[in-house]
Amino acid sequence: MLVGLSTPELILVRVTAVLLIYPGLICFAYFVLAALAGGVAAIAHPFSIFIEVYGAIEILWYLFWFLPFKHRLQKRGPAPSRMTREERKDLFTKGMNTVPDLENYVRGWFDKAHMGDIRRDNLKDWLLWSLFGRDGNFGDDAPELEEYIQELEERMAVAFKKGRGDAKALRLSFDPIKMTHRSLLFYSLTGFADILTTVFLLSKGFKFYRQPRNAFFSVFPFRPMTLFSPQQSAAPEMSYFYRPHTSKTQRPIMFIHGVGIGMAPYLLWLNSVPRDVGIIAIELLPVSNKICPPMPSSSELVDSISRILAEHSLEYDSFVFVGNSYGTLLLSPMLKREGLAAKIASVVLVDPVSLLLHLPDVAWNFARRRPRTGPEWEIYYGAATDPMVAHTLARRFDFRDAILWREQLRGRRATVILGGRDCVTHPMAVASYVYYGDVEIHDYTEQRVEAWKATPGIWTGQWEMELLYLDGLDHGQAFLKPGYVPTVQKVVDTYCWRDGSGGELRKSTGDYESSSVG
């Protein structure tokens, strides 16, 4: 987040959004006011003609591009792979065991509806989507759905009424996608930022590995580097920045960014990494404020990453994975590939959305929240309602595949860097899950928060699972605030060392917790 909670920052976000999203309407309003105030002479002035022509172009862009594009993106995405009954039961049980408050959990998946409006058929609709990946008639799955509802009733000590209430489940795959218009002015500015980012990274020793040149017209704003870069990615669907690894004592880094405008928010950190440490910085264009082909499936993305790693195999036999926000969603699919998982020596997750993804917070904050604060409006305009971002989250995303559990990280060092004021995730639940292994946030909350605040001072990089709780920071600010970039780089640098300089994995998380809390 670029802004804070002050009223001037809230006004700044709202005004900037209006200027970038609705310039066509602003120009039309100018035309009407000029005509009323000065007649033909006013609207025939060269400056007025410029405003009117530009406004007409923006209005035509809205009518003949955005509206059909919005309609096309509403189509359903590919059906997810069907889990076995054992897999569904395991996922349901894991989820129920890591819920801070079951009533708020259920209500959260029903847009904060009253419990009396959530009945058995409503719950079946939700479970049919979340566990079976489908909608429609319950059919042969009805008995299994009843089993889950009965277990939920036992855990909550309530009885859900039969039939269907007024509540409507949040089912991203099937719900209408909410998106806002993006003007040509907006795309021009983000395209210019994209070019400046590329020039900066090239000047710092990076090379750009492009998609095939025939993909040039499939991405807007157009990317000149797709035409002029001599290096082509081994994965046609995925471009990336690459800096050769020359260090003999440190591991290279693989980085995957979050939702936003690509690599631009990470330049401070990328520039802080020692020049002899190699970096592969993967680009995910569908979540980078661009018009482009849909996001590939997680399996296809991991296939692309594997091909890229094979291209640089001599350097990337062992690397540190760094992910921010959306970029953390690919870690779980990567860890499920044995050959690839063996190469991931350590993990750094900054404001991860993959941990506790079964909680409704991430989905609700992106799809249903009515924004109030500056950061929430920034998320709403800059990410949640961007056409391709919204389409990716609603139609090209399978949370069952992307959710990350603590046990998947065993055997390697992992640090979660978390903003205490994160407006996308449930920061208290995530912090508790990482630090204690549970989500009992109602027990000794003040004690727990004080312990988390102390983590920057006691972090060693030698434990299996560590937390760096940055009190007062919002989502993504660890990369954006210059004062915190060294904190991120300290973690990454420690994990990069191959010898004892960075410490070794010594003990389990439980030992870390007892020593740090006691």
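A few points about this structure:
- Where helices (runs of 4 or more DSSP H) sit wholly within region 372-436, none has at least 3 residues that are over 15 Å from the mean Cα position of the chain (by Cα), among the β-branched types (Val, Ile, Thr) and not assigned by TED's automatic domain parsing to the domain that holds residue 487.
- Residues satisfying the stated conditions in region 42-80, i.e. over 35 Å from the mean Cα position of the chain (by Cα) and polar (S, T, N, Q): 48
- Of all the criteria given as (1) buried (at least 22 other Cβ atoms within 10 Å of the Cβ); (2) under 26 Å from residue 179 (Cα atoms); (3) touching a Leu at 6+ places or on another chain (Cβ under 8 Å), the one not satisfied by residue 367 is (1).
- Looking across region 480-500, just one residue is buried (at least 20 other Cβ atoms within 10 Å of the Cβ) and either in contact with a His (Cβ under 9 Å, 6 or more places away or on another chain) or in a loop (DSSP other than H, G, I, E, B) (or both), and that is 484.
- Only one of the numbered conditions (1) in a helix (DSSP H, G or I); (2) at pLDDT below 95; (3) crowded, with 20+ Cβ neighbours inside 10 Å is not met by residue 339, and that is (3).
- Region 6-44, subset touching a helix residue (DSSP H, G or I) at 6+ places or on another chain (Cβ under 6 Å) and either aliphatic (A, V, I, L, M) or part of a loop (DSSP other than H, G, I, E, B) (or both), residue surrounded by the fewest Cβ atoms within 10 Å (Cβ to Cβ): 35
- Residues that are more than 20 Å from residue 358 (Cα to Cα), among the hydrophobic types (A, V, I, L, M, F, W, C) and surrounded by fewer than 20 Cβ atoms within 10 Å (Cβ to Cβ) occur in region 452-462; there is at least one.
- Qualifying residue in region 126-141 (condition: closer than 30 Å to residue 261 by Cβ and not assigned by TED's automatic domain parsing to the domain that holds residue 363): no
- Count of region 274-297 residues which are among the hydroxyl-bearing types (Ser, Thr, Tyr), buried (at least 21 other Cβ atoms within 10 Å of the Cβ) and in contact with a Pro (Cβ under 9 Å, 6 or more places away or on another chain): 0
- Of all residues in region 214-230, those that are without any contact (Cβ under 8 Å) to a residue 12 or more places away in the chain have Cβ atoms under 8 Å from Cβ atoms of residues that are not aliphatic (A, V, I, L, M), 6 or more apart or on another chain, in 216/222; 216/223; 216/226.
The values are calculated or read from the model by the stated rules, or taken from the named source; none is laboratory data. These numbers were taken from a predicted model, which means no experiment stands behind them. Virtual Cβ from ideal backbone geometry, glycine too; neighbours counted across all protein chains shown.
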